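**Q** Take a look at the following structure, please.
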Amino acid sequence: MNPLLSIKGTITVGVVLALAVAFGLGNGLGGLNAVIWLHVLAGVAWIGLLYYFNFVQVPGVAAALAEADNGGPGPAAINKYVAPTALLWFRMAAAVTWLTGISGLAQIGGGMDGIINAFTLSNGMGVIGLGAWLGTIMLFNVWVLIWPNQKKILGLDGKTHDASTIAGAKKIALLASRTNTALSVPMLLCMVGHGHGLAF
């Protein structure tokens, strides 16, 4: 059986390969920080889905809507089968990224002092702290602006909404998502820059 034919098998192969790299380079797991590794994995999923929504799904749904009156497929398949699952992974990846990020700040900064220093941009934690602030704003946007409005748009809140409510929800969700896309660029710079000499 080919493990690449299932998502669980694919993830297992990825973990085995990562462990092979860790042990193959002679360090074993001694130098591995599992929290930071999980932070990076969840962050890749979060930002990857953010980019998918902005660069693929939103334009795809707009094109499907434009062609619906001319016999095109319309956005139903994306909105019914793809969007709810993608939004679930998106929300969970955002939460795990933020929680593991806070844990990572505590690890690298000596407990609660690390978190405080990061969020006050002090004691050598300015770059990573700015990244943490940007990530926190992005998390807020996901859970407070994007998700509640997507539930209205996709009819996942169990209510019927009029066209103006849905139009308003689309605008808020889109602007929050675009804000996150813009913030992701300096946020990623800060997150990588902390470990690679970017300082202020």
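Please treat every number below as a calculation from the coordinates, not as lab data. Owing to the predicted nature of the structure, the values given are computational and were not obtained by experimental measurement. Using ideal geometry, Cβ is built from the backbone for each residue, glycine included, and neighbour counts are taken over all protein chains shown.
**Q** Which whole-number percent is the relative contact order of the chain (Cα, under 8 Å, 6+ apart)?
**A** 19
**Q** Now, a different point. Cα gyration tensor of segment 18-93, axes a ≥ b ≥ c as square roots of the eigenvalues: rounded (a/c below 1.5), prolate (a/b > b/c) or oblate? Spell out each step's value before the answer.
**A** Numbers: a/c = 4.36, a/b = 3.57, b/c = 1.22.
Cα axes put segment 18-93 in the prolate bin.
**Q** Between Asn33 and Leu189, 0.36 nm times their residue separation minus their Cα-Cα distance comes to what? Walk me through the numbers before you get to the answer.
**A** Working: separation 156, 0.36 × 156 = 56.16 nm, distance 2.04 nm.
Here the answer is 54.1 nm.
**Q** Then there is this: Set the Förster radius R0 to 30 Å, insert the Cβ-Cβ distance between Thr12 and Phe140 as r into 1/(1 + (r/R0)^6), and round the FRET efficiency to 0.05.
**A** On the way: r = 34 Å, r/R0 = 1.13.
Given R0 = 30 Å and the Cβ-Cβ separation, E is 0.30.
**Q** Only counting other Cβ atoms within 10 Å, I'd like Trp37, Trp147, Trp46 sorted with the fewest neighbours first.
**A** Working: Trp37 14, Trp147 18, Trp46 26.
Sorted ascending by nearby Cβ count, the order is Trp37, Trp147, Trp46.
**Q** Work out, step by step, the length gained on full extension between Lys159 and Ser122: first 0.36 nm times the residue separation, then minus their alpha carbon distance; give nm to one decimal. Each step should come with its number before you reach the end.
**A** Numbers: separation 37, 0.36 × 37 = 13.32 nm, distance 4.66 nm.
Full extension of this stretch gives 8.7 nm more.
**Q** Could you run the Debye sum over the Cα atoms of segment 47-157, one equal point scatterer each and no solvent, and tell me log10 of I(q)/I(0) at q = 0.21 Å⁻¹, two decimals?
**A** For segment 47-157 at q = 0.21 Å⁻¹, log10 I(q)/I(0) is -1.06.
**Q** Quick test of the membrane-span-like rule: which DSSP H helices of the chain reach at least 20 Å along their long axis (C-alpha atoms) with mean Kyte hydropathy at least 0.0? Write out the running numbers ahead of the final one.
**A** Working: long enough: 7-24 (25 Å, 1.95); 34-52 (27 Å, 1.78); 83-109 (38 Å, 1.05); 126-140 (21 Å, 1.86); 163-194 (45 Å, 0.86).
Span-like helices, by this rule, are 7-24, 34-52, 83-109, 126-140, 163-194.
**Q** Continuing with the same structure: Once the Cα gyration tensor of the chain is found, what semi-axes does its equivalent ellipsoid get, as square roots of 5 times the eigenvalues, in whole Å, sorted largest first? Don't skip to the end; give the middle numbers.
**A** Values: eigenvalues 248, 111, 36 Å².
So the three semi-axes of the chain are 35, 24, 13 Å.
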